[in-house]
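Asks: Right, I'll just put the structure down here and ask away after.
The values are calculated or read from the model by the stated rules, or taken from the named source; none is laboratory data. Small disclaimer: the values here were computed from a predicted structure and weren't measured. As a convention, Cβ positions derive from the backbone with ideal geometry for all residues, glycine included, and neighbour counts pool all protein chains shown. For the accessible areas, the whole protein counts, side chains as well, though only heavy atoms, and no ligand, DNA or RNA atoms are used. Shrake-Rupley method; radii C 1.70, N 1.55, O 1.52, S 1.80 Å.
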Amino acid sequence: MSYTLGTFLTASIVISAAAFLFAAWLFRWVKAMPSNNARIAEVGALIRGGANTFLRKEYTALSRFAGGVALAILLFLPSPIWQGEAMDNVYMMVAYLAGTVFSAVAGVIGIRVATLANIKTAEAARKGIKPSFMAGFRGGAVMGMAVVGSALLGVTLLTLLTDDTSVLLGYSFGASSLALFAKAGGGIFTKTADISADLVGKVELGIPEDDPRNPAVIADNVGDNVGDVAGMGADLFDSNVASMAAALVLASVLDKSAGGAANSAMVFCYAAAGLLASIIGVAMARMGNHGPTRALNNSTYITTGIYGVLTALATLIFGFQWRIWGASAVGLLVGVIIGIASDYFTNDARSPVRNAAKASESGPAFTILSGVSYGFISALPSLIGIAVAALAAYKLCEPIGDGYAMFGIAMSAVGMLSIVGMIISNDAYGPIVDNARGLSEMGNLGEDVLEITDQLDSAGNTVKAITKGFAIAAAGLTVIALLGAFISEVNEAALAHGLAPITGFDMMNPTVFFGMLIGVAAPAVFSAMLILGVNRNAQRMVDEIHRQFREIAGLREGAPGAVPEYDRCIEIATNGALRELIPAGLLAILLTLAVGFIGGVEAVGGYLCGNIVTGILLALFMSNAGGLWDNAKKYIEAGAHGGKGSDAHKAAVVGDTVGDPFKDTAGPSINTQITVVSLISSLAATLFLTISLF
């Protein structure tokens, strides 16, 4: 069948529009659900107000940062404006700003629907678990459709307007730089509140998790939204855009040498098919008689199957390379397998969580040791999966011709992220039902409703661990593809300056090794800065909670008229998060530039290799260890090993306190950090090639 690239660009725009229309329908469906509990409406308004206040302050601070970066791009990228084509710099700056705006809008949409869906989910639980599940899932699906629709639409429009893949890297950098700060800032906020509420409420006072007497409880619920909704949406928006940008950079090189646009068309075809599969999967999702966890997992498997069929049909009809389809299928399959591996180490039905819970009977030290050990072990199957996906994709596509092996890895990443619309839907479901559980308790809806929301919350925690593993694996494959894009950008610049091209990075080269050692250390230092930020901020909030219990008469006893000053805790979390997120994000950016200007492109190549390998390891370790500690605590709270208030429970709460910044602040932020440094390296390739100390 004959086709042009324009055919697939048009199809991508149409499917993106369909995703937006479907998201609007889902939003109206959730909004139309009944809600008439005055107390829940009051608390919901506090959560919504706190989340919007944080986003407004965060985006105001980040807009100043983005303005400074945009000016630097205008002056220096892709080459100094006084040396090259000035319009290239203008296009790059506009693309960067577009990436930041699209990413920010995704977060705003997510917050708006999540702070509505949490109320609807809580009240729907009075009618049973199925309507409550649908409210939470469809609320999360609004975010999924909006994020992926925005990502595909943005890349498509930039391709139509500029036909320059380097500009796509600028767009991706805009998305990833905002995601870096959004995920880090939201993570610091949410874990500040969560840790403070748990330590004072559960450990010191022995009051329930969402007891309205606790001044940090509203800030904790706000944090679920700004960290796990807005931050997560920006993170996966960034990963989706980065995978497409890397694939298109490599595809354009292949298309130029072969003539035509078959490889670029394939990228858009598969990405559009993934969004269409997610739309169908979300529309078909229902909860049967096997519980919410099975429903969420089945929706992922159904979407995966639909995507496989759609891309196989497209490959057959349009005459694409079956080997590239195979690479894409391998990526998606490995993504699902990695999710299952993460589930094994974080599900309270499995032995690692139960062993950690049992170890808690001997005190918090044994809780920590168990979680750290299982966390490190859990990284192995996922790392093997990423390695197998990269190797299989490389070998599958290598016989096609020069350059196709690395393109195969890029398409494997596109395949792994193809169902990201469903992944985001499942992930955003988690914080929505978590909030619903808190609202049910604060609204005094009764034990039956609490039991339902606890079931939904438990499913959200289980599936969230799977989606985090999936996101980390996708980031791993994406940055390997971005490493190929970096080589491609360097060689294009080398050709323009009459220099020799590069084919790889030799570890025995001292310049490469210099960069590699710094790259290995960067994710660890970045993580430490974020965790220390949570630590400092949580200490400030704990002091504030103690002050309120000490000074507000009758608060501890729950006397009528004794109302906590919730706003003070929200303010501490907000201001502390904004204070702590900028240094860690700047470190990632400035360190990359320093290595490039000192050691040149070879040092940057080594830096990227070290950063990728260590970053993936630490992200997997922290995500899975944190999920294990969280579910060990919940397993004990369900009645095991003495239940709530026991010594094992107090030890498990300490473990969960350590795990909170692991799984929700540092771990997920590393995904974005390795993407950011990879994109900066590609964008500044010409500068590193021509201006370096060595």
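Asks: For the chain, with every protein chain kept in place, what is the accessible area per residue (1.4 Å probe, Å²)? It would help to have the intermediate numbers written out before the result.
Replies: On the way: 23390 Å² over 694 residues.
Heavy-atom accessible area per residue stands at 34 Å².
Asks: Between helix 667-683 and the chain, what is the angle of the helix's C-alpha long axis to the longest principal axis, kept within 0 to 90° and rounded to the nearest 10?
Replies: Helix 667-683 sits at roughly 20 degrees to that axis.
Asks: May I pose another question? So if each residue of separation counts as 0.36 nm, and I subtract the Cα-Cα distance between Arg536 and Ala61, what length gain in nm does that give? Please list the in-between numbers first.
Replies: Working: separation 475, 0.36 × 475 = 171.00 nm, distance 2.04 nm.
Result for the pair: 169.0 nm of gain on full extension.
Asks: How much length is gained on full extension from Ala638 to Met507, taking 0.36 nm per residue of separation minus their Cα-Cα distance?
Replies: On the way: separation 131, 0.36 × 131 = 47.16 nm, distance 5.13 nm.
Length gained between Ala638 and Met507: 42.0 nm.
Asks: How do Arg350, Arg437, Arg112, Arg213 rank by accessible surface area computed with a 1.4 Å probe, from largest to smallest? The partial results should precede the final answer.
Replies: Values: Arg350 105, Arg437 20, Arg112 150, Arg213 60 Å².
Per-residue accessible area, sorted high to low, gives Arg112, Arg350, Arg213, Arg437.
Asks: Quick one: Karplus J couplings for the range 452-464, per residue in order, coefficients 6.51, -1.76, 1.60, θ = phi - 60°, nearest Hz, x for Gly and Pro?
Replies: Using θ = phi - 60°, the values come out as 5, 5, 5, 4, 5, 5, 4, 4, x, 5, 5, 5, 4 Hz.
Asks: Once the whole set of protein chains is in place, how much accessible area is left on Leu380, using a 1.4 Å probe, in Å² to the nearest 10?
Replies: Its heavy atoms expose roughly 100 Å² to the probe.
Asks: Let me ask something additional. What ³J(HN,Hα) values, in whole Hz, does the Karplus curve 6.51 cos²θ - 1.76 cosθ + 1.60 give for the range 592-608 when θ = phi - 60°, with x put for Gly and Pro?
Replies: These are the phi-based 3J(HN,Hα) values: 4, 5, 4, 4, x, 7, 8, x, x, 5, 5, 5, 5, x, x, 4, 5 Hz.
Asks: Report, in degrees rounded to the nearest 10, the 0 to 90 angle that the Cα long axis of helix 129-162 makes with the longest principal axis of the chain.
Replies: Compared with the principal axis, the helix lies near 20 degrees.
Asks: Longer than 18 Å from Cα to Cα, which of Lys633/Lys663; Lys57/Lys468; Lys31/Lys464; Lys202/Lys464 are they? Say none if no pair is. Please list the in-between numbers first.
Replies: Values: Lys633/Lys663 15 Å; Lys57/Lys468 27 Å; Lys31/Lys464 24 Å; Lys202/Lys464 23 Å.
Over 18 Å apart, Cα to Cα: Lys57/Lys468; Lys31/Lys464; Lys202/Lys464.
Asks: Would you please give the residues with an amide H less than 5 Å from that of Ala261, counting only those at least 5 places away or on a separate chain, with H modeled from the backbone geometry?
Replies: Distant-sequence amide H within range of Ala261: zero hits.
Asks: If we count every other residue with Cβ under 11 angstrom of Leu248's Cβ, Lys/Arg +1 and Asp/Glu -1, where does the sum land?
Replies: On the way: positive: none; negative: Asp163, Asp164, Asp255.
Once all neighbours under 11 Å are counted, the net charge is -3.
Asks: May I pose another question? Can you give the FRET efficiency to the nearest 0.05 for Ala24 and Tyr301, using r as the Cβ-Cβ distance and R₀ = 25 Å? Don't skip to the end; give the middle numbers.
Replies: Numbers: r = 27 Å, r/R0 = 1.07.
The computed FRET efficiency comes out at 0.40.
Asks: Here is a follow-up. Any chance you could check the Cα centroid distance between the range 75-149 and the range 377-410 for me, in angstrom?
Replies: 29
Asks: Additional query: Using the Karplus curve 6.51 cos²θ - 1.76 cosθ + 1.60 with θ = phi - 60°, what ³J(HN,Hα) values do you get for each residue of the range 378-394, in whole Hz, with x for Gly and Pro?
Replies: Each residue of the range 378-394 in turn: 5, 5, 4, x, 5, 5, 4, x, 5, 5, 5, 4, 5, 5, 5, 5, 4 Hz.
Asks: Now for a separate question. What is the dipole size for the chain, taken about its Cα centre, with +1 at each Lys and Arg Cβ and -1 at each Asp and Glu Cβ, in debye to the nearest 20?
Replies: Numbers: 40 positive and 50 negative charges, 180 e Å.
Dipole size: approximately 860 debye.
Asks: Can you give the accessible area of Lys395, probe radius 1.4 Å, in Å² rounded to 10?
Replies: Only protein atoms counted, so the area is about 110 Å².
Asks: Please name which of Gly385, Met406, Ala356 has its Cα lying farthest along the dipole of the range 347-419 towards the positive end, using unit charges on Cβ (Lys, Arg +1; Asp, Glu -1) and the Cα centre as origin.
Replies: Going by the charge dipole, the pick is Ala356.
Asks: Follow-up. Ignoring any ligand, DNA or RNA, what whole percent of the accessible area of the chain comes from carbon and sulfur when the probe is 1.4 angstrom?
Replies: Numbers: 15140 of 23390 Å².
Looking at the chain in its full context, I get 65 percent from C and S.
Asks: Please report the accessible area of Arg28 (heavy atoms, 1.4 Å probe, ligands and nucleic acids excluded) in Å², nearest 10.
Replies: Only protein atoms counted, so the area is about 150 Å².
Asks: Turning to a different aspect of this structure: Between the range 560-628 and the range 655-694, what's the alpha-carbon centroid distance in Å?
Replies: Cα centroid of the range 560-628 versus Cα centroid of the range 655-694: 8 Å apart.
Asks: Then there is this: Among Gly576, Ser12, Gly371, whose Cα lies farthest out toward the positive end of the dipole of the chain, if unit charges sit on the beta carbon of Lys, Arg (+1) and Asp, Glu (-1)?
Replies: Farthest along the dipole direction, towards plus: Ser12.
Asks: Related question: With a point put 7 Å past each Cα toward its Cβ, work out how far Met87 is from Leu71 in nm, to one decimal.
Replies: Going by the 7 Å Cα→Cβ label model, 2.6 nm.
Asks: May I ask you to derive the relative contact order of the chain, considering only C-alpha pairs under 8 Å and at least 6 residues apart, and to give it as an integer percent? Each step should come with its number before you reach the end.
Replies: Numbers: 1366 pairs, mean separation 148.6, N = 694.
In percent, rounded to a whole number, it is 21.
Asks: If you take mean projected area of the Cα convex hull in nm² from the coordinates, which of (1) 44.2; (2) 27.4; (3) 33.4 do you get?
Replies: (2)
Asks: Please give the helix 510-551 orientation as an angle from the longest Cα principal axis of the chain, in degrees from 0 to 90, rounded to the nearest 10.
Replies: Value to nearest ten degrees: 20.
Asks: Expected output is a single nm value to one decimal: the length gained when fully extending between Asn575 and Ser362, i.e. 0.36 nm times separation in residues minus the C-alpha distance. What is it? Walk me through the numbers on the way to the answer.
Replies: On the way: separation 213, 0.36 × 213 = 76.68 nm, distance 3.78 nm.
Between Asn575 and Ser362, full extension yields 72.9 nm more.
Asks: Here's another thing I want to ask about it. List the aspartates and glutamates whose Cα lies under 20 Å from the Cα of Lys130, skipping any in the same chain that are fewer than 8 positions away.
Replies: The reachable aspartates and glutamates, counting only those whose Cα sits under 20 Å from Lys130, are Asp427, Asp434, Glu441, Glu447, Asp448, Glu451, Asp454, Asp457.
Asks: Along Cα→Cβ, 7 Å out, is where each label goes; now give me the distance between the ones at Leu313 and Lys31 in nm to one decimal.
Replies: For Leu313 paired with Lys31, the spin-label model returns 3.3 nm.
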